[in-house]
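Notes to accompany the following structure.
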Amino acid sequence: MERLDHTTEDRVLVVGATGFVGSRLVPELVKRKIKLRLFVRDPAKVDAMKSSDSDVELVQGDLLSGKGLEDSLRGIRSAYYLVHSMGGKSLFRNTEYAERDKLAARNFMAAADKEGLERLIYLGALGESGENLSEHLQSRAEVAAILSSGKPAATVLRAAVIIGAGGASFEMLRYLVERLPVMVCPKWIDTRIQPIALQDVLAYLVGCLLEPRTAGQVFDIGGAEILTYREMMDQYAEARGISERLIFRVPFLTPLLSAYWVDLVTPVSSGVAHPLIEGLKNEVICKDHRIDELVRIKKTPFKEAVRIAFSEEKSGPGVTGF
């Protein structure tokens, strides 16, 4: 029988260590004296993560070509897979990015099966299956299925909007509220969402590594509050101490037009904004709360998550002295 518990002698692989979540997870694991191996395309991007007392190895490679994958997995029992493309500058390339994500996942699983990986932890997305699921959420579900199809016992965490500095969803929310006292929005502003603070996502990711009972399971993760996007905008304004925003809902603003609109008033390109906005047509709330019995955390309230995220920002609306 496979041994699924993590020991102090185990080295853990992190794929996606330079991304929005991965770059925050690595320091959390280092603080717990967990030995790491990072699979990266550009080693220069992770130099700042390495401290003199940390045990971090680097393996350079590429998920799409498969180069370096077997080397990165050799001798590894547990791995995090934190790779996902949101799209490029142009929204017309989103399908291409979804295909690249699936190719990367298949390449990783082929190497993982060959090298005998035992555990895999993946951060996916909330969203009910069905024909109405957005292309973005469908892509995340397909990647989760690929990562769950091999020999490793996969833990899939499904999250909705993550509130953290630098995350595309948070940046879109931040710029919209900070820059526009009056907004004309489509019907997705009244879709229910269960946002989660970045620090809570990290706590769940670490907790799953340390709790072997999470292996081979799919869990929904979310914050303590269920909010509409309109309520998220209102609460962001309250957390920042700025005046109430006037929001008008109109029926004719399509996801395509919304993406171009977001592109105009935020740094989030239309290619990234479109899958985010299209995903907002789907209600994304936790239906399964089993994770809270296995990994107990104190959930961060939405407004506190906003304050923490904003305090970490170095530029943008509302930030001075840069």
Residues that are of a type in the set (Gly, Ala, Ser), touching a residue at least 60 places away in the same chain (Cβ under 8 Å) and within 30 Å of residue 81 (Cα to Cα): find the helices (runs of 4 or more DSSP H) completely inside region 140-253 holding 1 or more of those. 168-179, 198-210
Which ones in region 215-239 are open to solvent by 60 Å² or more (accessible area, probe 1.4 Å) and over 20 Å from the mean Cα position of the chain (by Cα)? 230, 231, 238
Out of 26, 56, 46, 21, sole residue that is farther than 22 Å from residue 143 by Cβ and under 20 Å from the mean Cα position of the chain (by Cα): 46
Considering only residues that are at pLDDT 80 or above, over 13 Å from residue 80 (Cα atoms) and of a type in the set (S, T, N, Q), which ones fall in region 1-60? 60
Determine, yes or no, whether residue 179 is among the basic types (Lys, Arg) and more than 24 Å from residue 17 (Cβ to Cβ). yes
When you look at residue 130, is it modelled with pLDDT under 95 and in contact with a helix residue (DSSP H, G or I) (Cβ under 6 Å, 6 or more places away or on another chain), yes or no? no
Restricting to region 106-120, name every residue that is in a helix (DSSP H, G or I) and acidic (Asp, Glu). 113, 115
Those residues of region 199-214 that are open to solvent by 10 Å² or more (accessible area, probe 1.4 Å) and more than 14 Å from the chain's Cα centre (by Cα) come to a total of 5
Would a scan of region 178-185 turn up a residue that is open to solvent by 10 Å² or more (accessible area, probe 1.4 Å) and in contact with an Asp or Glu (Cβ under 6 Å, 6 or more places away or on another chain)? no
Using the structure shown, decide if residue 161 is within 24 Å of residue 225 (Cα to Cα), β-branched (Val, Ile, Thr) and open to solvent by less than 10 Å² (accessible area, probe 1.4 Å). no
Which of (1) open to solvent by less than 10 Å² (accessible area, probe 1.4 Å); (2) at pLDDT 90 or above does residue 277 not meet, given it meets every other one? (2)
For region 86-112, name all the residues that are open to solvent by 40 Å² or more (accessible area, probe 1.4 Å) and at pLDDT below 95. 86, 89, 90, 92, 93, 95, 96, 97, 99, 100, 103
Given the conditions (1) modelled with pLDDT under 90; (2) farther than 15 Å from residue 206 by Cα, every one holds for residue 74 apart from (1)
Which residue pairs have Cβ atoms closer than 6 Å, lie 6 or more positions apart in sequence or on different chains, and pair a first residue in region 32-58 that is surrounded by 11 or more Cβ atoms within 10 Å (Cβ to Cβ) with a second residue that is at pLDDT below 85 and not aromatic (Phe, Trp, Tyr)? 38/46; 40/46; 56/50; 58/43
Condition (residue is at pLDDT 80 or above, of a type in the set (Phe, Trp, Tyr) and open to solvent by less than 20 Å² (accessible area, probe 1.4 Å)) applied to region 300-314: is it met by at least one residue? yes
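The values are calculated or read from the model by the stated rules, or taken from the named source; none is laboratory data. The model shown is predicted, which means the values in this text are computed figures rather than measured ones. Cβ coordinates were reconstructed from backbone atoms using ideal geometry, including for glycine residues, and neighbour counts include every protein chain displayed. For accessibility, only protein heavy atoms count, side chains too; no ligands or nucleic acids. Shrake-Rupley method; radii C 1.70, N 1.55, O 1.52, S 1.80 Å.
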